[in-house]
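Here is the structure we will look at, set down as structure tokens.
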Amino acid sequence: MIKYLSILFVFVSFTVKSQELNANVVINHQQVRSSDDYIYDNMKKSFTEFLNNRKWTGDKYKLEERIECSFFITISSRSGNVFSGSIQVQSGRPVFGVNYKTTMFIVNDNDLDFVYVDQQALDFNQNEFTSNLTSIFAFYTYAILGLEYDSMSKEGGSKYISKAFDIMTIAQNGGGSGWRSSDGSQNRYWLIENLNNPAFKDFRDCMYKYHREGLDLMHKNKKQGEYAIFKALLSLESVHKRQPSSYLLQVFFNGKADEVVNVFQKATPQQKSKLVPVLIKIDPGNTKKYNKIIKGT
């Protein structure tokens, strides 16, 4: 009987499928101390369950295949059940053949406004606005999925980018700040507008070439993988020419600048002399980092 149960357990462990996200939620509420601070523990649990227990795609994921991501929430003000602050969203992707995860996505969103009622279930409907909070969570989940799938196949994340775009469109009528073009130049609107814009096709092609043809092949052929990344990064110059200082490119280099430096510090002088000026042109905020490529340190 014990042997049978052991076999059954092994069978179940290999057949159970999981949701897509392995999200970690962190809530910093140091700026808004109150007598019911326990609410933030419940909030964290509720947010984590919403992200991790919901099925976001029609695909089957194993536990070890879930996308690791983080949602860092800072509460700066509170009035009853109304909270305001900021949220930083990050996601990572394992690189094939090595024990290394590449950062896919780092966004700093300063337009976080939401209503949270303790112990009340979080609702989300793809086709109608239910709350600003769940719309923001769903929006960033689909953005994460879109970039993740783009890195696996050419424009493979299109349907998830479309879902995020639809959420943005619906939330413009009922949501808070961050959903409209008039809310600033670095917000949810511009992130998904860029991803959904045909002018950024080269960016989406870059996501595939950088990851699938570049990083994923470096364990077998370092030079070939490095060259694929080199060509992918150079292709972003055309995006910059069409859309200078685009938010999407800023988001990309928020996660990739350090990695790019590490990849090309030992590249050929010819590659360095061609790549570094392009990087500085399209991502001037990280000029000091890119100069390290020339120095090789």
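What the table below lists for this structure:
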{"item": "Scan of segment 94-117 for residues that are among the charged types (D, E, K, R) and touching a Phe, Trp or Tyr at 6+ places or on another chain (Cβ under 9 Å), ordered by number", "result": "Asp109, Asp111, Asp113"}
{"item": "When residues of segment 13-29 are limited to those that are under 26 Å from Ala138 (Cα atoms) and open to solvent by 40 Å² or more (accessible area, probe 1.4 Å), the one modelled with the lowest pLDDT", "result": "Val16"}
{"item": "Test: residue in segment 73-90 that is under 16 Å from the mean Cα position of the chain (by Cα), buried (at least 17 other Cβ atoms within 10 Å of the Cβ) and more than 30 Å from Asp183 (Cα to Cα)", "result": "no"}
{"item": "Residue match in segment 134-150 (condition: touching a His at 6+ places or on another chain (Cβ under 9 Å) and not in a helix (DSSP H, G or I))", "result": "no"}
{"item": "Search result, residues across segment 60-78 that are at pLDDT 95 or above and not aromatic (Phe, Trp, Tyr)", "result": "Arg66, Ile67, Glu68, Cys69, Ser70, Ile73, Thr74, Ile75, Ser76, Ser77, Arg78"}
{"item": "Checklist (1) over 20 Å from the mean Cα position of the chain (by Cα); (2) assigned to a helix (DSSP H, G or I); (3) small (Gly, Ala, Ser) applied to Ala267, failing item", "result": "(2)"}
{"item": "Test: residue in segment 148-159 that is within 24 Å of Asp202 (Cβ to Cβ), of a type in the set (A, V, I, L, M) and within 10 Å of the chain's Cα centre (by Cα)", "result": "no"}
{"item": "Selection count, segment 182-222, where residues are among the charged types (D, E, K, R), in contact with a helix residue (DSSP H, G or I) (Cβ under 6 Å, 6 or more places away or on another chain) and over 19 Å from Thr141 (Cα atoms)", "result": "3"}
{"item": "Filtered residues of segment 74-106 (kept if polar (S, T, N, Q) and in a loop (DSSP other than H, G, I, E, B))", "result": "Asn81, Asn99"}
{"item": "Looking only at segment 33-72, and only at residues there that are farther than 20 Å from Tyr142 by Cα and open to solvent by less than 20 Å² (accessible area, probe 1.4 Å), the one that is nearest to the chain's Cα centre (by Cα)", "result": "Met43"}
{"item": "Residue match in segment 267-277 (condition: at pLDDT 95 or above, open to solvent by 90 Å² or more (accessible area, probe 1.4 Å), basic (Lys, Arg) and more than 19 Å from Met207 (Cβ to Cβ))", "result": "yes"}
{"item": "Pairs, first among the basic types (Lys, Arg) in segment 48-69, second part of a loop (DSSP other than H, G, I, E, B) and surrounded by 14 or more Cβ atoms within 10 Å (Cβ to Cβ), C-beta under 6 Å, six or more apart", "result": "Lys55/Gln19"}
{"item": "Near pairs, Cβ below 8 angstrom, 6+ apart or cross-chain, from segment 101-123 (closer than 11 Å to Thr134 by Cα) to any residue that is open to solvent by 50 Å² or more (accessible area, probe 1.4 Å) and of a type in the set (Ser, Thr, Tyr)", "result": "Asp123/Thr130"}
{"item": "Members of segment 247-261 found to be open to solvent by 10 Å² or more (accessible area, probe 1.4 Å) and under 14 Å from Ile282 (Cα atoms), listed by number", "result": "Tyr247, Gln250, Asn254"}
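Per-residue answers, yes or no, for (1) touching a strand residue (DSSP E or B) at 6+ places or on another chain (Cβ under 6 Å); (2) more than 23 Å from Trp190 (Cβ to Cβ):
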residue	(1), (2)
Thr57	no, yes
Glu64	no, yes
Cys69	yes, no
Ser79	no, yes
Ser84	yes, no
Pro94	yes, yes
Gly97	no, yes
Lys101	yes, yes
Val107	yes, no
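The values are calculated or read from the model by the stated rules, or taken from the named source; none is laboratory data. This is a predicted model, so every value here is computed, not measured. Counting neighbours? That spans all protein chains shown, and the Cβs are built from the backbone with ideal geometry, glycine included. Just the protein is used for accessible areas: all its heavy atoms, side chains included, with ligands, DNA and RNA removed. Shrake-Rupley method; radii C 1.70, N 1.55, O 1.52, S 1.80 Å.
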